[in-house]
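K.L.:
I have a structure I would like to understand better, so I am pasting it below and will then ask my questions one at a time.
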Ligand code: PRP
Ligand code: ZN
């Protein structure tokens, strides 16, 4: 049986999170720098380390079967691939930025200007939609330096923390796309490869759900239990165990990370004490 070939970014914003995701799925592979291709030792996959810009094309041509990369690249390259799963990490946006001291009246600012980008397709669509006539200068990297060296008046590039823009004296003025990491796949995978992909997706979803949830333990008097059960729906309903002290119980449940702080306050006012919150490693739904 042949392995499923997974392309991940060789270096850059997505590299570390992509490796970690595979490792958290229990997939062991050699991680040496400079390695461009490696087979996992305990799962039927081969990992290819590529430039994210090239991944859509390689997946379309089935040089790789699936790839992990930012939606930004998927949209820009618009190759014939399917988006299989959103991964929730590497959140960023594609934005236009101008020298920080310049005044920005609105998109018309860009009329007659030259804008450097690695995203010519998405940028020209944006300009067209807004009726802007600007010149697009396509460059493949270090886009933010373009205004500083006189190559362009503005840039259109990925912004995550914003620190690259700031270091280069630029100011984000409008955002044209939101993005996160996704898995894309070739549309004609063999039955064998589809089976491996299903196994991998099962593990990825378990890792993802675990990251989105917390295990919570707390103590409460018997009278507070109905109210606490209402606040803590959990996967089914909370586990309730009696404490050595009469009339007191320990409740265990799962809460969503994003609802967590709100729930904590509700629980305290309902009478919960000794609240413990613990990370979950894997969660099978
Ligand atoms: C993007 C962009 C900036 C950086 C911005 O590169 O080109 O260099 O991220 O991040 P910040 O706002 O946190 O400073 P990306 O990793 O997408 O990769 P690339 O080198 O493949 O273009
Ligand atoms: Zn890239």
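K.L.:
With no solvent and one point on each alpha carbon, what is the Debye value of log10 I(q)/I(0) for the chain at q = 0.07 Å⁻¹?
P.N.:
Reported log10 I(q)/I(0), two decimals: -0.40.
K.L.:
Would you order 189, 87, 243, 285 from fewest to most other beta-carbon atoms within 10 Å of each residue's own beta-carbon?
P.N.:
Least to most surrounded, the residues fall as 285, 243, 189, 87.
K.L.:
Using the 10 angstrom Cβ neighbour count as an exposure proxy, how do 22, 177 rank, fewest first?
P.N.:
Going from least to most buried by this count: 177, 22.
K.L.:
Testing the spin-label approximation: label points 7 Å from Cα along Cα→Cβ at residue 282 and residue 101. State their distance in nm.
P.N.:
Going from the residue 282 label point to the residue 101 one covers 5.8 nm.
K.L.:
Sorted by packing (mean other beta-carbon atoms within 10 Å per residue), highest first, where do 151-157, 71-77 land?
P.N.:
Sorting 151-157, 71-77 by mean packing, highest first, produces 151-157, 71-77.
K.L.:
Another question, then. Could you tell me how many degrees, from 0 to 90 and to the nearest 10, lie between the Cα long axis of helix 191-212 and the main elongation axis, the longest principal axis, of the Cα atoms of the chain?
P.N.:
70 degrees
K.L.:
May I pose another question? Working from Cα positions, state the angle (0 to 90°, nearest 10) between the long axis of helix 15-24 and the longest principal axis of the chain.
P.N.:
The answer is roughly 30 degrees.
K.L.:
Given the options 23, 222, 144, which has the most mean-square fluctuation in a GNM of the chain, springs set between C-alpha atoms less than 10 angstrom apart?
P.N.:
Top of the fluctuation ranking is 222.
K.L.:
What is the distance, in nm, between label points placed 7 Å from the Cα along the Cα-to-Cβ direction at residue 61 and at residue 260?
P.N.:
Distance between label points: 4.3 nm.
K.L.:
Relative contact order, percent, of the chain when contacts are C-alpha pairs under 8 Å separated by at least 6 residues?
P.N.:
Result for the chain is 19 percent.
Computed from the coordinates by the stated procedures, all read-outs in this text should not be read as laboratory data. Keep in mind the model is a prediction, meaning the values are calculated, not measured. Counting neighbours? That spans all protein chains shown, and the Cβs are built from the backbone with ideal geometry, glycine included.
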